[in-house]
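Here is the structure we will look at.
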């Protein structure tokens, strides 16, 4: 005989789960005891939201679902933001929540909400487990659904009486690899013909291009075709920068310097574009034709309606497409002459002796090796990192351009540090976003992580305050005070440093990485560049498709 919780943990071990994040409650105690006797590490966090962010980031970086656990009611509902983060960001994740007993009702409706129903619009699948014999089947199905394209979160609710119920041994279901289909020959031929006829082709790498399984094939496609490329925010780093074909990142939807190439293109090959991302460009009736290359058919939107699609496993499908066009594209590099000017203007003023966003990005890039991982929270600085931070290795700039939630930067970086203890990992957070999950500093210290947390301090919800100003509303309701962040870090057992001169930033960060442990570094920010560059400079940029231009 065995009990439901033992079956659950055995099924998780069967899936290769090595750690679970979360805060259990009394309804999970049988599961906690089963975990204690297992090979799985329970990583206790200080808020359920952080556990979900960590599990989702595990899925993002490994391609395998991360797992988090909470109690019923309030604990389960605290996963909702993390569920949305994983759903829009296409990160595989399993959420396991507790519930009062369902075979009897000894506590009436105390703490009970319909978590299964609440999670349905935020997940790919949400199920209550009503029989211990069904646990191996439901766990195998949960992992299959979470991983299959498009990846995302799955929710399982395990009531405490089902977890404690004894039953006969039930056989586990062994996982098996699932090969994705390849794009059809007709679709490949059609796309190849469009590329060969294009006079100014351009490649775009989107969020789905950064799946761990596909990055090497994407790099080979760019090398074989020699077509210049740009990326979305979540597609950064997919192709190494050494190709000399990188044109920039679309941090804005229009009018940025990279849009000079986009506006001139007559064909854009979008690889892995996910319309959950903020649009990297706006399609219009007179714009370029678009070939959508993806695991799944395109989601047709007002701003995105491709004229051709190549659907299947992206990597192998791109190999077949490259076989058809390699060495035969007459105008492959027609847009490449724009590259130097675009990148030079984006990088302008990067070494000014001020705490500008450009200078922060420049100095951080200097201290981060090629494989160093930067995890961004959400704020105004995210636009600057997306525009200016050059990535050389896939998944080394973790940002959220789908749900775009605050509070995810620190937990995301913690997960990266756990997975890659030998690499430099830094969280970059605004003071607003940092304080939403700053309690996880205790978790990071307790786990013995090597992690640098850079807090950009402007005493405001800076992105909204900037938009308020751009829209000519009065400055109102967006400013706040902060604790002494240095003392705050020290209270958790971390080290804290405040940078008062821009020349101190690089040596401070270098020292923090060299010493190891958890370090919090506080810097001010001069956001006057938001207005000067992102409003005035880009507003004054002349339309690219002017008279006499190709």
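Looking at 409, 462, 493, 433, can you tell me which residue is in the same structural domain as residue 511 (by TED's automatic domain parsing) and modelled with pLDDT under 95?
Of the residues listed, the single one that is in the same structural domain as residue 511 (by TED's automatic domain parsing) and modelled with pLDDT under 95 is 462.
Please find, within the range 396-417, the residue that is farthest from residue 211 (Cα to Cα) out of those that are surrounded by fewer than 22 Cβ atoms within 10 Å (Cβ to Cβ) and in contact (Cβ under 8 Å) with a residue 60 or more places away in the chain.
Only one residue tops the list, namely 405.
When you scan the range 286-302, how many residues do you find that are assigned to a loop (DSSP other than H, G, I, E, B), within 25 Å of residue 258 (Cα to Cα) and touching a residue at least 40 places away in the same chain (Cβ under 8 Å)?
Within the range 286-302, residues that are assigned to a loop (DSSP other than H, G, I, E, B), within 25 Å of residue 258 (Cα to Cα) and touching a residue at least 40 places away in the same chain (Cβ under 8 Å) number 1.
Out of (1) in contact (Cβ under 8 Å) with a residue 60 or more places away in the chain; (2) under 22 Å from residue 343 (Cα atoms), what's the single condition that is false for residue 192?
Failing condition for residue 192: (2).
State the number of residues belonging to the range 205-235 that are in contact with a strand residue (DSSP E or B) (Cβ under 8 Å, 6 or more places away or on another chain) and over 25 Å from residue 331 (Cα atoms).
Counting residues in the range 205-235 that are in contact with a strand residue (DSSP E or B) (Cβ under 8 Å, 6 or more places away or on another chain) and over 25 Å from residue 331 (Cα atoms) gives 2.
If I filter the range 157-175 down to residues being touching a strand residue (DSSP E or B) at 6+ places or on another chain (Cβ under 8 Å) and crowded, with 23+ Cβ neighbours inside 10 Å, which single residue comes out as nearest to residue 117 (Cα to Cα)?
Among them, the one singled out is 157.
When you go through 402, 332 one by one, which is the residue that is within 30 Å of residue 245 (Cβ to Cβ), out of contact with any strand residue (DSSP E or B) (no Cβ under 7 Å at 6 or more places or on another chain) and either assigned to a loop (DSSP other than H, G, I, E, B) or assigned by TED's automatic domain parsing to the domain that holds residue 269 (or both)?
402
Checking residue 481 against (1) exposed (fewer than 12 other Cβ atoms within 10 Å of the Cβ); (2) modelled with pLDDT of 95 or more; (3) under 21 Å from residue 356 (Cβ atoms), which single condition isn't satisfied?
So residue 481 meets the others, but not (3).
This table checks each residue for (1) buried (at least 24 other Cβ atoms within 10 Å of the Cβ); (2) without any contact (Cβ under 8 Å) to a residue 40 or more places away in the chain; (3) closer than 21 Å to residue 88 by Cα; (4) touching a helix residue (DSSP H, G or I) at 6+ places or on another chain (Cβ under 8 Å).
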| site | (1), (2), (3), (4) |
| --- | --- |
| 366 | no, no, no, yes |
| 369 | no, no, no, no |
| 378 | no, no, yes, yes |
| 387 | no, no, no, yes |
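Among 309, 340, 352, which is part of a loop (DSSP other than H, G, I, E, B) and either over 30 Å from residue 452 (Cβ atoms) or modelled with pLDDT under 95 (or both)?
352
Of all residues in the range 509-522, how many are surrounded by fewer than 22 Cβ atoms within 10 Å (Cβ to Cβ) and in contact with a strand residue (DSSP E or B) (Cβ under 8 Å, 6 or more places away or on another chain)?
3
Does residue 149 meet the test of being under 22 Å from residue 319 (Cα atoms) and assigned by TED's automatic domain parsing to the domain that holds residue 52?
The answer is yes for residue 149.
For the range 9-18, does any single residue satisfy the condition of being assigned by TED's automatic domain parsing to the domain that holds residue 124, crowded, with 20+ Cβ neighbours inside 10 Å and at pLDDT below 95?
No.
Return yes when residue 444 is in the same structural domain as residue 513 (by TED's automatic domain parsing), touching a strand residue (DSSP E or B) at 6+ places or on another chain (Cβ under 6 Å), surrounded by 23 or more Cβ atoms within 10 Å (Cβ to Cβ) and closer than 21 Å to residue 501 by Cα and no when it is not.
No; evaluated as a whole, the condition is false for this residue.
Can you tell me which residues in the range 370-399 are closer than 24 Å to residue 217 by Cα and either assigned to a helix (DSSP H, G or I) or outside the structural domain of residue 465 (by TED's automatic domain parsing) (or both)?
386
Of everything in the range 313-322, what is over 27 Å from residue 253 (Cα atoms) and crowded, with 21+ Cβ neighbours inside 10 Å? Give them in sequence order.
317, 321
Consider the range 176-199. How many of its residues are part of a loop (DSSP other than H, G, I, E, B) and crowded, with 19+ Cβ neighbours inside 10 Å?
Looking only at that region, the number is 2.
What tally of residues in the range 259-278 results from selecting those that are more than 11 Å from residue 202 (Cα to Cα), surrounded by fewer than 24 Cβ atoms within 10 Å (Cβ to Cβ) and touching a strand residue (DSSP E or B) at 6+ places or on another chain (Cβ under 7 Å)?
1
Any residue in the range 155-177 that's under 28 Å from residue 106 (Cα atoms): show its pairings with residues that are surrounded by fewer than 17 Cβ atoms within 10 Å (Cβ to Cβ) at Cβ separation under 6 Å, as long as the two are six or more apart or on different chains.
Listed by first residue and then by second, the contacts come to 159/101; 159/102; 160/101; 161/101; 161/103; 166/1; 167/133.
Considering only the range 289-306, state which residues are buried (at least 17 other Cβ atoms within 10 Å of the Cβ) and either within 21 Å of residue 185 (Cα to Cα) or modelled with pLDDT under 95 (or both).
Hits for the range 289-306 are 289, 290, 291, 292, 293, 294, 295, 298, 306.
Restricting attention to the range 459-470, does a residue exist that is touching a strand residue (DSSP E or B) at 6+ places or on another chain (Cβ under 8 Å) and closer than 15 Å to residue 494 by Cβ?
No, there is no match, as no residue in the range 459-470 is touching a strand residue (DSSP E or B) at 6+ places or on another chain (Cβ under 8 Å) and closer than 15 Å to residue 494 by Cβ.
The values are calculated or read from the model by the stated rules, or taken from the named source; none is laboratory data. As the structure is a computational prediction, the values presented were derived from the model and not from experiment. In this analysis, Cβ positions are derived from the backbone assuming ideal geometry, glycine residues included, and neighbour counts consider all displayed protein chains.
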